[in-house]
Amino acid sequence: MVLKINHKSTEPLHHQVEQLLRDLINEPEYSSNGKFLPKEVELAKRLGISRNTVRHATSKLVYEGLLIRKKGVGTKVADNPISTKLDSWHSFTQEMNEKGIPFKNYDIKVEWVEADSFIADFFSVPEKKKVLKMERLRGMESGPIVYFISYFHPRVGLTGNEDFSKPLYKMLEEEYSTVVLVSKEEISARLADEDIAKKLKIKKNAPILRRKRFVFDPGGRPVEYNIGYYNAENFTYSIEIQNGKY
């Protein structure tokens, strides 16, 4: 396969690289043989673009579960990759308001922290760069049901002084002109460790749902990385998927 992009096109370079990688994934050489993709620095040199542009495109496919990146080794196609999109998604506030369920914020904590390797990789920023971290413990009058941890890309422009009790994505759009369009979700079952159990007021090793959310703007740029820990006894996560054949 010829690795080439159109530098004269109005389509953003990272979009072109993303499509090139999607095409590369379907090549038997990579999809069947477990061969590693060309290194980012090599791709950048061959395409005549910056390494950050390649990293941006690669990261999106990593978080879609199509690629696996191994630090110090390289990037390869995931075994039997599956990607599922939800038809619609909202902030927790909007979800509860639409269902007519009263809820309350038990605690909101906001601070600037240094990006670890995972956050830096997702946001394509240097490690230890300051990013805004928000923790929210939310639930009903009967008690907390979910503990959220969010990290926001510095590009958004948040200061930490915002009213985070308001619907998050509505606030980002109206106050910071940041529209969120795509959410990649990973949902798994876990046992609550001591810290999570204490926050959700449940027993240690009680069942919980952990949902990771990777949020992107219309240009495919990362906006937020969010982890939610749900009390499994009080929360059910429903997904409706339509058969693509009909």
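The values are calculated or read from the model by the stated rules, or taken from the named source; none is laboratory data. The structure presented is a predicted model; accordingly, all values stated were derived computationally and were not measured. With ideal geometry, Cβ positions are generated from the backbone for all residues, glycine too; neighbour counts draw on all protein chains shown.
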Residue ID - nearest to Gly48 (Cα to Cα), chosen from residues in the range 3-34 that are assigned to a loop (DSSP other than H, G, I, E, B) and free of Cβ contacts under 8 Å to residues at least 24 places away in the same chain: Asn6
Single residue of the range 142-168 satisfying the filter (among the hydrophobic types (A, V, I, L, M, F, W, C) and touching a residue at least 40 places away in the same chain (Cβ under 8 Å)) that is surrounded by the fewest Cβ atoms within 10 Å (Cβ to Cβ): Ile149
Residues satisfying the stated conditions in the range 189-206, i.e. in contact (Cβ under 8 Å) with a residue 40 or more places away in the chain and within 19 Å of Lys104 (Cα to Cα): Ile196, Lys199, Leu200, Lys201
Test for Val41: is it part of a helix (DSSP H, G or I) and either surrounded by 13 or more Cβ atoms within 10 Å (Cβ to Cβ) or charged (D, E, K, R) (or both): no
Pair list, Cβ under 6 Å, 6 or more apart: the range 171-188 residue of a type in the set (S, T, N, Q), other residue part of a loop (DSSP other than H, G, I, E, B): Ser183/Trp89
Selected residue (criterion: nearest to Tyr147 (Cα to Cα)) from residues of the range 67-114 that are hydrophobic (A, V, I, L, M, F, W, C) and at pLDDT 80 or above: Ile108
Scan of the range 170-195 for residues that are modelled with pLDDT of 90 or more, in a helix (DSSP H, G or I) and surrounded by 12 or more Cβ atoms within 10 Å (Cβ to Cβ), ordered by number: Met171, Leu172, Glu173, Glu175, Tyr176
Which numbered condition Val146 fails, given (1) within 20 Å of Lys212 (Cβ to Cβ); (2) at pLDDT 95 or above: (2)
